[in-house]
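These notes concern the structure reproduced below.
The values are calculated or read from the model by the stated rules, or taken from the named source; none is laboratory data. Since the structure is predicted, the reported quantities are computational estimates derived from the model, not experimental observations. Methodologically, a virtual Cβ is constructed for each residue, glycine included, from the backbone with ideal geometry; neighbour enumeration extends over all protein chains shown. These area figures cover heavy atoms from the full protein model, side chains too; ligands, DNA and RNA do not enter into them. Shrake-Rupley method; radii C 1.70, N 1.55, O 1.52, S 1.80 Å.
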Amino acid sequence: LDAAREDLRRSEEDARNRDADAQNALAKQTDQVSRLRDSLTVSEDHVEEARQTADRYANELVRVQAETKAFAEQLDAARKQLDDAQAMAATEARDRDVWKGRCQDLREEVNELRARRRQSKILCF
């Protein structure tokens, strides 16, 4: 009977030790699960931040592309205006040269007419 009681006591003690070990293992695993959940939450936050950043960059890219297109259109319009202004300046320069030539021709004619008049006045006296 004493041997049975000793076996029962050892069995109960072993059971308590196994239970304590199991409790410790469960506590460790619970702690590890808790750390993994915290890590998962942090990772999810990082993923969400990355998505928001990607969305901001995508929106910024669309905005910059629209601005670039608008600037390109403005540049094209300015180039066309410059080309038109250069063409008008060239035309005006050619016209000015023509008128200068005509004006010079008229001056020469007027000078010739004056010279003839003087000669004819001199001859008249």
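What the table below lists for this structure:
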| read-out | value |
| --- | --- |
| Only one of Leu8, Leu75 that is assigned to a helix (DSSP H, G or I) and either touching a Gly at 6+ places or on another chain (Cβ under 8 Å) or open to solvent by 90 Å² or more (accessible area, probe 1.4 Å) (or both) | Leu8 |
| Residue check for Glu60: open to solvent by 90 Å² or more (accessible area, probe 1.4 Å), modelled with pLDDT of 95 or more and assigned to a helix (DSSP H, G or I) | no |
| Of the criteria (1) open to solvent by less than 100 Å² (accessible area, probe 1.4 Å); (2) modelled with pLDDT under 95, which one Ala50 fails | (2) |
